[in-house]
Amino acid sequence: MPELPEVETVRRGLAPAMEGAVIARAEVNRPDLRWPFPDRMAERLSGQRVAQLRRRSKYILADLSSGETLLIHLGMSGRMTVSGDPLGQFVHDHPMPEKHDHVVLHMDNGARITFNDPRRFGAMDLMPTATAEQHKLLAVLGPEPLGNDFHEDHLIAAFKGRNTPVKSALLDQGIVAGLGNIYVCEALYRARIDPRRKAGRISATRTAALVPIIRQVLTDAIAAGGSSLRDFRQADGELGYFQHSFDVYGRENDPCRTPGCTATIRRIVQSGRSSFYCPTCQR
Ligand SMILES: [Zn+2]
C-alpha cells in the first residue's frame, strides 16, 4: 500500500505532465472505484486546465480551472502511469488499454495519464477548490508531518494521557496525517522506542525527539523516490514504487543494524498489523 513518500513521488512524476496542461478528454470506464464517481465526472474534467497538483496526506489534489479540485487516492493497489512525450520528459509509448484502466486523462500536451486499480480500493472525487479541506476524507486529517503544524508541542499534547501503544497513536491519521505501517516502524527504530510502549507513558523529551525523526524518515524516502524518477526513462512509466532500504521493516530475524547490537529484528502483530523492531535497542 503506498504511503506518503510513494504518493509524493507519484505527484512529482505527474506534475510535469499535468501542471499547466489541459485535460483534453477524460475517459471514465466504470461508475465507481471504492465509492461511486461524482456525477458527470468525465464532462467536468474534460477541457479543464490543471492549475496545480498538490498533496494532502496520501491524497493527490489537482486544482482545475473550473474551480473544482480532483481528489485522487491510490488505495491499496492503485497505479498511475504516464505515457507520451510532453516536454520531452517521458518517452513511453501509449500502452494498449488494460483491463483495470479505470480512468484515462488525455492531456493536450500529448501525455496520457492512466489510473489502473485491480482491487478498486482507490477513489476519485470532485469538490469545490475553495472548500477542499472540508471534504470528508480530508477534514479528519491531522497536520502534515512535513508541515509547520506538526511540531513537538503538538505531538506531546496528542500523546498525553493516551493509553494506546505508540505504534497505534502514530498510525492515527488525526494525530499526524499520512504515516503508515512501514514508516512508523522505521521512525520508532530510529527513536529507539518500543512500539508497544503506551504513548502517554513516553517522556516529553523522547516524544519531542520523534518529530525530527519522523520528518527525516519521510524525507529520506521521498529522496529515494526522487532518484527513481530520474531513472524514469528506462522504467515502464509507472510512478511511485521504488527500491527502499528499510532498517527494520520486513527484516524479521535479520541482524539489527545498530553498531554493537547483536540482537535480531523481531516481528509482532499489533492491531492486526506487523510491527518490526529491535528488542534490545528499542525500549
Ligand atoms: Zn538493536
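Points worth noting:
- Condition check for Arg119: surrounded by fewer than 17 Cβ atoms within 10 Å (Cβ to Cβ), within 16 Å of Gly20 (Cα to Cα) and in contact (Cβ under 8 Å) with a residue 12 or more places away in the chain: no
- The listed residue being hydrophobic (A, V, I, L, M, F, W, C), surrounded by 17 or more Cβ atoms within 10 Å (Cβ to Cβ) and in the same structural domain as Ala62 (by TED's automatic domain parsing), out of Ile156, Ile113: Ile113
- The residues in segment 45-59 that are surrounded by fewer than 18 Cβ atoms within 10 Å (Cβ to Cβ) and among the basic types (Lys, Arg) can be counted, and the count is 2.
- Within segment 243-267, being out of contact with any Cys (no Cβ under 9 Å at 6 or more places or on another chain) and within 15 Å of the ligand (Cβ to nearest atom) holds for Arg251, Glu252, Asn253, Asp254, Pro259, Gly260, Arg267.
- Filtered residues of segment 1-36 (kept if surrounded by fewer than 19 Cβ atoms within 10 Å (Cβ to Cβ) and in contact with an Asp or Glu (Cβ under 8 Å, 6 or more places away or on another chain)): Val22, Ala24, Asn29, Trp35
The values are calculated or read from the model by the stated rules, or taken from the named source; none is laboratory data. Just so you know, these numbers come straight off a predicted model, no measurement behind them. Cβ atoms come from the backbone with ideal geometry, glycine included; neighbour counts cover every protein chain shown.
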